[in-house]
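Encoded as structure tokens, the structure appears first; notes follow it.
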Amino acid sequence: PPGPDFTIEVVPDTQYYVSSLNGGSPAIMQSQMNWIVNNIASRNIVFVTQLGDCTEHGDEFEVEWQNADAAFDLIENPTTTGLTQGMPYGIAVGNHDQSPIGNPNGTTTFFNQYFGEARFQGRAYYGGHFGTNNDNHYELVSASGMDFIIVHLEYDPSANSAVLAWADGLLQTH
């Protein structure tokens, strides 16, 4: 049978791009985002999800967040995307986005400064977040007559029961 007539693009770990490590560079991430912008219509891209480890060093080097910010600005831009609110997207907090690395009880100051609630508030696709920050958040999108919920959960090997109950409630509701 034919597949769906839309695409949800997945952007894996971008940590080496924004930190210029292991052959990566911010230009590579910018190229990825430009590819998404240039293929919105032909691939009917309806959402972009970043899987975590947006940065390599969490709250240690703000420049990594500035590089991520510049790249995601490309898909948010209504002028380049032709979409009123830009491309709907979400970013998961990975273990390298936490300080210290891998500590869900550590800080995510720069994540919330650059990709916190304030950035997404008022966008039709942004559903909300758990607790007092945007570490765990969700988006709602529709495509081909189907409604989707995308839940981005912060890296947490202890599986925080309150966050899981919140996510379960979202899934029950939506």
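Across the alpha-carbon atoms of region 57-116, the computed radius of gyration and Dmax are 13.1, 39 angstrom.
Solvent-accessible surface of region 1-58, averaged per residue with a 1.4 angstrom probe and all protein chains in place: 49 square angstrom. Extents of region 3-55, taken as max minus min of Cα coordinates on every principal axis and listed largest first, are 36, 20, 13 Å. Remark on Val11: its backbone amide H falls under 5 Å from those of Thr49, Gln50, Leu51, a criterion applied only to residues 5 or more positions apart or on other chains, H modelled at 1.01 Å from N.
Look at where the Cα atoms of region 105-120 and of region 42-70 average out, and the two centres are 12 Å apart.
Taking amide H as placed 1.01 Å from N in the peptide plane, Tyr89 has its amide H under 5 Å from the amide H of Val48, each at least 5 places away in sequence or on another chain. Only Cα pairs under 8 Å and 6+ residues apart enter the sum, and on that basis the relative contact order of region 99-174 stands at 22 percent. Of all the options Gly116, Gly128, Gly145, the one that moves most in a Gaussian network model of the chain with Cα springs shorter than 10 angstrom is Gly145. Between Thr79 and Thr132, the contour length at 0.36 nm per residue exceeds the alpha carbon distance by 15.9 nm. Both radii are taken from the alpha-carbon atoms of the chain; with Rh as the Kirkwood radius, Rg/Rh is 0.96. At the listed q of 0.17 Å⁻¹, the Debye profile of region 91-171, built from one uniform point per Cα, gives log10 I(q)/I(0) equal to -0.68.
Comparing mean-square fluctuations of Tyr89, Tyr17, Tyr114 from a GNM of the chain with C-alpha springs under 10 Å, the top value falls on Tyr114.
The values are calculated or read from the model by the stated rules, or taken from the named source; none is laboratory data. Model, not experiment: these values are computed from the prediction. Surface areas here come from the heavy atoms of the whole protein model, side chains and all, with no ligands, DNA or RNA. Shrake-Rupley method; radii C 1.70, N 1.55, O 1.52, S 1.80 Å.
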